[in-house]
Amino acid sequence: MAGQAAPPAARARVRRYHIGRQEIIQGDCLRVLRRMKPESVDVIVTSPPYNIGLGYRSYQDRRSENDYLDWMVEIATALRRVLRPDGSFFLNIAGTSAEPWLPFELVVRLRALFALQNHISWVKSIAVPDDSFGHFKPVNSGRYLNRNHEHLFHLTLNGDVRLDRLGAGVPFKDKSNIARRGHAQDRRCRGDTWFVPYETVRDREQKFNHPGTFPVRLPELCIQLHGRAGAVVLDPFMGTGTTLLAAQKTGSRGIGIEIDPDYVTIARSRLKDAPDV
Ligand SMILES: C[S@@+](CC[C@H](N)C(=O)[O-])C[C@H]1O[C@@H](n2cnc3c(N)ncnc32)[C@H](O)[C@@H]1O
């Protein structure tokens, strides 16, 4: 909360853990970010709390909209300082049927700090044309549709960061396009609509007892799209460590910050179990 005394968790001692090339920092991200070197991070991938009342273990996900937006702007300002001038900041956020404006309010406030280089829709479930794929939480309503996608705002300092579109790309469906259009390889840009479903799970434990994780493939695609070998990848709201798993998979050096000790424990065990590249 801007201008208010830090809550006790924010004052708690910062702890660091190293697992291979990955670093986990237990603490308040604002406090940790302010001590990090400027321009030291290539890619930020993060999903902050959405301020929609999710049941995190310690963080209270419900404050006034203005407090929340002020806090997020404060964090984004700290992130801007640590991001390299040619870095990418991928911000995953969604609203709810009751609070549909929030992601837009936030990204408009961030306009003073970043350019919106790409707006990606992360599709969790899709119907094509009569079949359906993926998973979603059904909305029980006569007014609202099920919310099957979330935002992934790709923010950069000036909107001119070169990306590896083919690194995160897909093979051509129609192979005749390769020669006809003079492409050097069987790969095209994936576009700005990413279908990344959750794995099927049967209970909370398989979701790591955390109410708001994303699939590893999502940060992995962001890292591939930014496309710098051995990139330094930061997630200031690390949760169960999903971004660090993606960093590990892509041969990147990840830094994850998380305020809740239990989620840090889960992240450490997920990383220890993950194969090294
Ligand atoms: C949406 S979750 C991130 C989940 C993550 N992407 C994953 O896949 O596990 C947001 C996380 O931010 C953490 N958090 C809240 N306030 C924080 C703060 N000030 N500093 C660091 N982490 C914080 C919460 O405990 C929660 O785990």
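Structure above, values below:
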quantity: Segment 68-167 - percent of accessible surface contributed by carbon and sulfur, probe 1.4 Å; calculated: 52
quantity: Unit charges on C-beta of K, R, D, E only; dipole of segment 189-261, Debye; calculated: 240
quantity: Theoretical ellipticity at 222 nm over the chain - DSSP helices of four or more residues, -39500 (n - 2.57) apiece, nearest 500; calculated: -7000 deg cm²/dmol
quantity: Accessible area (Å², per residue) of the chain, counting only protein heavy atoms and a probe of 1.4 Å; calculated: 53
quantity: P(r) of the chain over all Cα-Cα pairs, binned every 5 Å from zero, in whole percent; calculated: 1, 5, 12, 16, 19, 18, 14, 8, 4, 2, 1, 0, 0
quantity: Cα principal axis extents for segment 173-277, largest first, Å; calculated: 55, 32, 23
quantity: Residues with amide H under 5 Å from that of Val232, placed H, sequence gap 5 or more; calculated: Asp42, Val43, Arg253
quantity: Cα-based Rg and Dmax for segment 98-153, where Dmax is the largest Cα-Cα distance (Å); calculated: 14.3, 43
quantity: Of the GluC sites (Glu not before Pro) in segment 128-220, those whose Cβ has at most 10 other Cβ within 10 Å and which sit in DSSP loop; calculated: Glu199
quantity: Interatomic Cα distance distribution for segment 1-125, bins of 10 angstrom, percent; calculated: 10, 40, 38, 12, 0
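The values are calculated or read from the model by the stated rules, or taken from the named source; none is laboratory data. What you see is a predicted model, and the numbers here were worked out from it, not measured in a lab. FYI the Cβ positions are ideal-geometry reconstructions off the backbone, even for glycines, and counts take in every protein chain you see. Remember, those area values only see protein heavy atoms, side chains included, never the ligands or the DNA or RNA. Shrake-Rupley method; radii C 1.70, N 1.55, O 1.52, S 1.80 Å.
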